[in-house]
Amino acid sequence: MNKGRKRPLWLALVALLVLGSIALGLQVAPFSPSTLIAALDRVVTTQLDRLTAPGAQPHALSGPFPGQGDDSAPSLGSFTVFVAPAFQPLMAGYPGYDSASGTLTSPTLFDPTTIIGRSNPHLDGSAPDTGGTPVGTAGIMVADSNFAIVPAGFQGPPGTREVHTRIADFNIAALGGLVMVRAGDSAPGRPHSVGEVESLSGASGDPNQDFPAESFFDVFVEVDLPPTGSFPGGTLFNNTPLLVFNDSLQAFPPHVVYIHGQTPAVPVLFLNDDPGNAWLAGDLFGWLSLAGHGMNYSNTPQDVQEFSNIMRFQPSMPMACQTFHPADHNGDAQVNLADIVLMANRWPTNADIQTVQTTAAGFGAGCLVNPAPPLVVQAGDDVFRSPPGQSVLFLNLPLGFFGPGSDPFVGTVQFAGVPFAPPSSQPFQPQGPFPHVSETAQHVLVDARQASAQGDTVIRRLQDAMLHDPGTPAATQAVPIEIVALNLISVQPIVVTYNGGQNPQPWSVQMQVQPNTPQTPGAMTITRTYEQGGVFTSELPVTSHLTFRNQAGPEVVGPIARTETFYTGFGTNSPLGPGYDTGAPAPWFVP
């Protein structure tokens, strides 16, 4: 399989430290840490090192697989659909719809009682595995042949202990009342959503090693979209199974997030005709590009936040085609009998004979244009240099902060970067993806052209990004980032007075990230807009330390810790609120 082109990428975090005319306040009590400033609480949890096994909990393993039965637990979910161009105008103003990207993203959904049936344990390749075994209290027979799609590399060696599973009932609705996704008994017209749990112990034959385990489901759902605005409301379904997977089950029922992966985006179709003739049954509404199901997640704020944090960094699945064949009416990347039957059933009322004939003539065709190879942005460090005077900090320091008799100080400090190593005497040659940086367009406070030895700021991208065809949801991915190093010094000292304006003294201000200081990860959302590059936005919590030094004496105040979040690329829609402009999304490219 083509994994794409892996290339290193330095993404410029322009406007990192302060944006344009933004001044962020610091109010400090004498000799105490500064007040926490946090405009947006988007914290990445400890799940970041388990992105291949989202939501897994490190509790004690619970022994052998249990016998045949049902597991009932609450669950959370969310999904994103890339709406087909024909229906994008109808979705204008719909909650969760982004007209710029053409995507509809659900709110967080909740089901208090998701029921999963499981079979008795058996061995891979045994008669119950290949011939079928009853699953759950309903006793539905499930065999390996019932699995339409199995994750690549899932099946262990023959003799591995496993159980077959089925979503018995799944009725998950938005916490705010909008949108509902149904499967199992709540979607009686859909095929069974079946799967498997397999021990990761291999053919050990030891029930005490059943956990940890991996699991997948082939899911068939119905999605109810309520009427809002110009959209009259409708029910969607999928004929192609939605493959969801997790590889770190520790118990039944597991506390994990199943993620859609390893397949292209799944077509979703209208189930019924629209009374107002906006669509017919079987019309393609769009493609399900991202879906997640948090099993054994409740609707507590803690669980909802954990689930949201995990979903935030999941990549969308790519489209099966860059350009679909006009006779591919159901968007599954192939013109087959289903397309011909769909058009034939609409003739003569809703399809002319030429459309039917054209569809039949296209039988066996695939994509008009196949997907382009993804561009892989590898995790790594970005090193920046901060030009003098463009990083600004507002200070509001109280009486006595600089020692007995010192007056309050209210004012701004302009910073310049202090390189980690002496700058090279050679003229700088642009390196990597940044031969130029537009300061005006980007509200630049850092210059990504500098060599690492000339840098004063290091930002680490903690996860690879795989960016697919521009204009599709899979062209965008959020990755976690954190600050690793920062070293700034005031361009000019601040002037501190004593005893009501007497005895002015110059104090320098240094802003640093201390080694080994725990940092809260932020997020960079990277979008590929053309073959070799695109734009990004970012938000980055930074815990730094301020140190004040009297240049006319030995006095030192600090280091004083402070934490705040910096934003890039959100424009006037900055999370900081009205009056702040964080600049346009910043460009990146791979040469």
Qualifying residue in segment 310-328 (condition: without any contact (Cβ under 8 Å) to a residue 12 or more places away in the chain, over 25 Å from the mean Cα position of the chain (by Cα) and assigned to a loop (DSSP other than H, G, I, E, B)): no
Filtered residues of segment 514-528 (kept if surrounded by fewer than 17 Cβ atoms within 10 Å (Cβ to Cβ) and either touching a residue at least 60 places away in the same chain (Cβ under 8 Å) or in a strand (DSSP E or B) (or both)): none
Residue in segment 284-307 that is nearest to residue 322 (Cα to Cα), counting only those that are of a type in the set (S, T, N, Q) and surrounded by fewer than 24 Cβ atoms within 10 Å (Cβ to Cβ): 305
Of all residues making up segment 189-238, the number that are of a type in the set (Ser, Thr, Tyr), in contact with a Leu (Cβ under 7 Å, 6 or more places away or on another chain) and surrounded by 20 or more Cβ atoms within 10 Å (Cβ to Cβ): 1
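Quick check on residue 371: is it crowded, with 20+ Cβ neighbours inside 10 Å, under 30 Å from the mean Cα position of the chain (by Cα) and touching a residue at least 60 places away in the same chain (Cβ under 8 Å)?
No.
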Test: residue 172 is part of a strand (DSSP E or B) and in contact with a Leu (Cβ under 6 Å, 6 or more places away or on another chain): yes
Close pairs (8 angstrom Cβ cut-off, 6 or more residues apart or separate chains): under 30 Å from residue 71 (Cβ atoms) and of a type in the set (Phe, Trp, Tyr) in segment 273-299, modelled with pLDDT of 95 or more and assigned to a strand (DSSP E or B) anywhere: 297/74; 297/75; 297/76; 297/257
Lone qualifier among 152, 174 - being aliphatic (A, V, I, L, M) and surrounded by fewer than 17 Cβ atoms within 10 Å (Cβ to Cβ): 152
Residue list for segment 553-585, filter: aliphatic (A, V, I, L, M) and at pLDDT 80 or above: 556, 557, 560, 561, 584
Residues located in segment 205-221, provided they are part of a strand (DSSP E or B) and either of a type in the set (Val, Ile, Thr) or within 17 Å of residue 80 (Cβ to Cβ) (or both): 219
Residue count, segment 222-236 (criterion: touching a residue at least 40 places away in the same chain (Cβ under 8 Å) and part of a strand (DSSP E or B)): 8
Segment 53-72 - residue that is at pLDDT below 95 and out of contact with any helix residue (DSSP H, G or I) (no Cβ under 8 Å at 6 or more places or on another chain) and, of those, surrounded by the most Cβ atoms within 10 Å (Cβ to Cβ): 53
Residue within segment 378-390 that is under 27 Å from residue 485 (Cβ atoms), modelled with pLDDT of 85 or more, aliphatic (A, V, I, L, M) and part of a strand (DSSP E or B) present: no
Any hit, segment 499-515, residues being more than 28 Å from residue 587 (Cα to Cα) and of a type in the set (Ser, Thr, Tyr): yes
Selection count where residues are surrounded by 21 or more Cβ atoms within 10 Å (Cβ to Cβ) and touching a Pro at 6+ places or on another chain (Cβ under 9 Å), scope segment 253-276: 6
Residue match in segment 186-209 (condition: in contact (Cβ under 8 Å) with a residue 60 or more places away in the chain, touching a strand residue (DSSP E or B) at 6+ places or on another chain (Cβ under 7 Å) and farther than 27 Å from residue 132 by Cα): no
Positions within segment 475-505 being farther than 30 Å from residue 465 by Cβ and not in a strand (DSSP E or B), in sequence order: 491, 492, 493, 499, 500, 501
Condition check for residue 100: among the hydrophobic types (A, V, I, L, M, F, W, C) and under 27 Å from the mean Cα position of the chain (by Cα): yes
Residue among 99, 78 that alone is modelled with pLDDT of 90 or more, under 30 Å from residue 264 (Cβ atoms), loosely packed, with under 14 Cβ neighbours inside 10 Å and small (Gly, Ala, Ser): 99
Output for segment 532-565, where each listed residue is within 25 Å of residue 504 (Cβ to Cβ), among the β-branched types (Val, Ile, Thr), touching a residue at least 24 places away in the same chain (Cβ under 8 Å) and surrounded by fewer than 20 Cβ atoms within 10 Å (Cβ to Cβ): 547, 560
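The values are calculated or read from the model by the stated rules, or taken from the named source; none is laboratory data. No experiment lies behind these values; they were computed from the predicted model shown. Note: ideal-geometry Cβ built from the backbone for every residue, glycine included; neighbour counts use all protein chains shown.
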